[in-house]
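To start, the structure itself, in structure tokens.
The values are calculated or read from the model by the stated rules, or taken from the named source; none is laboratory data. No experiment lies behind these values; they were computed from the predicted model shown. Here the Cβ positions follow ideal geometry from the backbone for every residue, glycine too, while neighbour counts run over all protein chains shown.
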Amino acid sequence: MLKRIVLGSALIGLALSATVQAQAPTIKRQVLQKADVPDGKKHEVVFGVAELPAGVAIGKHSHPGIEQGTVVSGELVLMVEGQPEKAYKAGDSWQIPVGVPHDAKGGASGAKVIVTYTVEKGQPLAIPAK
């Protein structure tokens, strides 16, 4: 009987955990355009939009190219390695140099941003950082 109670409790715990994970807010990303840079077809510009729920972080990463972005609505907090955290509101823009690790999270009401990356073709758009 004790085994059944323990097993039943474990299964209920797993079900609740799965429900909470399924309801967790997620970051929405969409690539809107890609275009070749006229440099002998070595680089491309990737233009996209992302929506970050309030308090949700992207995860520390870097890019094999320059990142430029603008907050369309809400507020975004950028955490760029070697710099203090900085909050950006609608209309504010930023630029992050090649290879610099950084993270971002949605502000109190979340954020919608547009971003461009100028990267070498064939390279991943983002690389996880430690």
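Points worth noting:
- Note on the range 51-66: among residues that are surrounded by 16 or more Cβ atoms within 10 Å (Cβ to Cβ) and small (Gly, Ala, Ser), the one that is farthest from Pro97 (Cα to Cα) is Ser62.
Yes/no per residue for (1) within 18 Å of Arg29 (Cα to Cα); (2) free of Cβ contacts under 8 Å to residues at least 60 places away in the same chain:
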| site | (1), (2) |
| --- | --- |
| Glu85 | no, yes |
| Gly91 | no, yes |
| Ile96 | no, yes |
| Pro101 | no, yes |
| Gly107 | yes, yes |
| Val113 | yes, no |
| Glu120 | no, no |
| Pro124 | yes, no |
| Pro128 | yes, no |
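Residue by residue, here is whether (1) charged (D, E, K, R); (2) part of a strand (DSSP E or B); (3) more than 13 Å from the chain's Cα centre (by Cα) holds:
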{"site": "Gly48", "(1), (2), (3)": "no, yes, no"}
{"site": "Glu67", "(1), (2), (3)": "yes, yes, no"}
{"site": "Val71", "(1), (2), (3)": "no, yes, yes"}
{"site": "Val77", "(1), (2), (3)": "no, yes, no"}
{"site": "Gly82", "(1), (2), (3)": "no, no, yes"}
{"site": "Tyr88", "(1), (2), (3)": "no, yes, yes"}
{"site": "Gln95", "(1), (2), (3)": "no, yes, yes"}
{"site": "Gly99", "(1), (2), (3)": "no, no, yes"}
{"site": "Ala104", "(1), (2), (3)": "no, yes, no"}
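- Looking only at residues in the range 36-50 that are surrounded by 14 or more Cβ atoms within 10 Å (Cβ to Cβ) and within 11 Å of Gly122 (Cβ to Cβ), the one that is modelled with the lowest pLDDT is His43.
- A single entry from Ala90, Ala111 fulfils the requirement of being at pLDDT 95 or above, farther than 25 Å from Ile127 by Cα and surrounded by 12 or more Cβ atoms within 10 Å (Cβ to Cβ): Ala90.
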